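Take a look at the structure below.
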Amino acid sequence: MARILVIEDEQDLQKILDYNLRKAGHDVSQALRGSDGLEQARQSRPDLILLDLMLPDLQGTEICKLLKSSAETKDIPVIMLTAKGEEIDRVLGFELGVEDYVVKPFSVRELILRIQAVLRRAEPSLDQAIIHFGCLRIDPEAHRAWVDDEEARLTLTEFRLLLTLYERRNRVQTRITLLEDVWGMNAESETRTVDTHVKRLREKLGRAESFVETVRGVGYRFVENPQETKA
């Protein structure tokens, strides 16, 4: 069972989601306005947020920015609900750090499956020890990373991207592979999402940015040995 916060101003859709999510075994809280949903997220720290893009007071994109910029809420997975289905809108959502993007009208059964997939990806691996790799330190259980003992403030998606690349170090990962394994997506048209996240990840890694190499025309590779990079 997960605690799910639904921020959606369509009351009929709220009722449908509430019924089906509770039937699936989840605990559901609701907000009809973005500001109310933001306050609930900060106070109750739900396991996942379903966030409508178009709200009467705050845009879903603005709410997402505020959630992902706060240490208290940045690790809460967000699934964006919207009537907009153009690629540019989906890319924008992923750039903001959302874990998935569902276009209305949608199948409730499909949405529940997507929720389950996001929740599984967000679960910490309790048997993983803290990783030390040159100036980089990664704590898989806490979803945190440090460079030279200074924490890199990564979103949940950025952290998963870093951990995936590290675990497959010295092996080239194509953009499609990363989309499937980090985002759970299977769409070649979304590959710009990977490039955007890698760029932001490198910026946050500072001196460790060179650990993530670009393999031109293919994808990305995490170096096998930290001594291969320049300090």
| Tell me, what HN-Hα J-couplings in whole Hz come from the Karplus equation 6.51 cos²θ - 1.76 cosθ + 1.60 at θ = phi - 60° for each residue of the stretch 198-209, using x for Gly and Pro? | 5, 4, 5, 4, 4, 4, 7, 7, x, 4, 8, 4
| task | Enumerate the amide H contacts of Ala152 below 5 Å, restricted to partners 5 or more residues apart or on another chain; note that Pro and chain-start residues carry no placed amide H. | result | Ala145, Trp146, Val147
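Given the convex hull of the Cα atoms of the stretch 131-228, what is a quarter of its surface area in nm²?
The orientation-averaged projected area of the Cα hull of the stretch 131-228 comes to 5.8 nm².
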| field | Kirkwood-Stokes translational diffusion coefficient of the stretch 1-68, alpha-carbon pairs, 20 °C, 1.002 mPa s, µm²/s | value | 181
| query | When the dipole is taken about the Cα centre of the chain, and only Lys, Arg (+1) and Asp, Glu (-1) are charged at their Cβ, what size is it in debye, to the nearest 20? | reply | 420
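To check you understand DSSP bridge types, tell me what percent of the beta bridges within the chain (both residues inside) are antiparallel, rounded to 5. Don't skip to the end; give the middle numbers.
Working: 16 of 33 bridges.
So the antiparallel bridges in the chain amount to around 50 percent.
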| task | Provide the gained length on full extension for the span Ala142 to Ile112, in nm with one decimal, where the gain is 0.36 nm per separating residue minus the Cα-Cα distance. | result | 8.2 nm
| task | Would you mind getting me the FRET efficiency between Arg153 and Asn20? Use the beta-carbon distance for r and R0 = 41 Å, nearest 0.05. | result | 0.75
| query | Tell me, how many Å apart are the Cα centres for the stretch 128-172 and for the stretch 11-32? | reply | 35
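If neighbour count is taken as other Cβ atoms inside 10 Å, put Met54, Met80, Met1 in order from fewest to most. Walk me through the numbers on the way to the answer.
Details: Met54 16, Met80 26, Met1 9.
The order, fewest Cβ neighbours first, is Met1, Met54, Met80.
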| Note, ³J(HN,Hα) from phi for the stretch 19-30, Karplus 6.51, -1.76, 1.60, rounded to Hz, x at Gly and Pro | 4, 6, 5, 5, 4, 7, x, 9, 9, 10, 10, 9
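Read the figures in this text as sums done on the coordinates, not as results from a lab. Here the structure is a predicted model, which is why all the values come from computation and not from measurement. Cβ coordinates were reconstructed from backbone atoms using ideal geometry, including for glycine residues, and neighbour counts include every protein chain displayed.
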